[in-house]
Amino acid sequence: MSYQLLLMRHAKSAWDTDAKTDFERPLADRGQKDAPRVGEWLKKEKLIPEYVVSSSAERTRQTATIVCDVLDIKHKKINWDARIYGAGTEELLEVLADVPAKVKSVLLVGHNPGLEFLFSHLVGSTKHGNFDVGLIKTATVVHLKVPEDWSALSSGCATLVTVKHPRDLS
């Protein structure tokens, strides 16, 4: 039995706001609509994560809480991790290594290009060919099967199950 890793990029963020920094940018209207649709899809597919870890940037906080509301996951169960914002592969692997060993399914809500770098590392270019940069668009979920050790996610260890873009959802 393999573990399940769900990588989700934050939903569409707004640029025309009074946010003083990129970290503080909130979701745009489209993001507010896409996030619950993705949550509904996860629920329908019975992909309810045991553990949720999210960047603490405003747009990822909003995305994670909206998705968790749909999945009936209490907000206090979301693990906010500042390391995810601006993280590359190594930092994201460190975040995942901190997941408790008994947890079998994780939702990681974060940002590009870090999520795409992590995806590329986990699936390995030899297994799936070179993926298109831009694969993980806003509010996209990538479902991976990974080995049963969050601290040993090596290059090419994961199997891609599906990529679900919000535009694919009715």
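Quick one: angle between helix 29-44 and the longest Cα principal axis of the chain, in degrees between 0 and 90, rounded to 10, please.
40
Rg/Rh for the chain to two decimals, with Rh computed the Kirkwood way over all alpha-carbon pairs.
Rounded to two decimals, Rg over Rh is 0.94.
With Cβ to Cβ distances under 15 Å as the rule, what net charge do the other residues near ALA101 carry (K, R +1; D, E -1)?
-2
Please identify the chymotrypsin sites (Phe, Trp or Tyr not before Pro) of segment 55-124 that satisfy two criteria: DSSP loop assignment and at most 13 other Cβ atoms within 10 Å. Which are they?
none
What is the local net charge at GLU50, summed over the other residues whose Cβ is closer than 12 Å to its Cβ (Lys, Arg +1; Asp, Glu -1)?
With Lys, Arg at +1 and Asp, Glu at -1, the neighbours total +3.
Name the residue, out of ASP98, ASP34, ASP81, whose mean-square fluctuation peaks in a Gaussian network model built on the chain with Cα pairs under 10 Å.
ASP98
Restricting to the chain, what percent of DSSP beta bridges are antiparallel, rounded to 5?
Of all bridge pairs located within the chain, approximately 50 percent are antiparallel.
Once fully extended, how much extra length lies between THR162 and LEU135, figured as 0.36 nm per residue of separation less the alpha-carbon to alpha-carbon distance?
8.6 nm
Given R₀ = 30 Å, what would the calculated FRET efficiency be for ALA14 paired with GLU90, taking r from the Cβ atoms and rounding to 0.05?
That pair, ALA14 with GLU90, gives E of 0.50.
May I ask you to list the residues of segment 135-152 whose amide nitrogen lies under 15 Å from a point 7 Å from Cα along the Cα→beta-carbon direction of LYS44?
141
No lab work stands behind these numbers, since they all come straight from the coordinates. For clarity, every value in this text was computed on a predicted model and none was experimentally measured. Cβ: placed from backbone, ideal geometry, glycine included. Neighbour counts: every protein chain shown.
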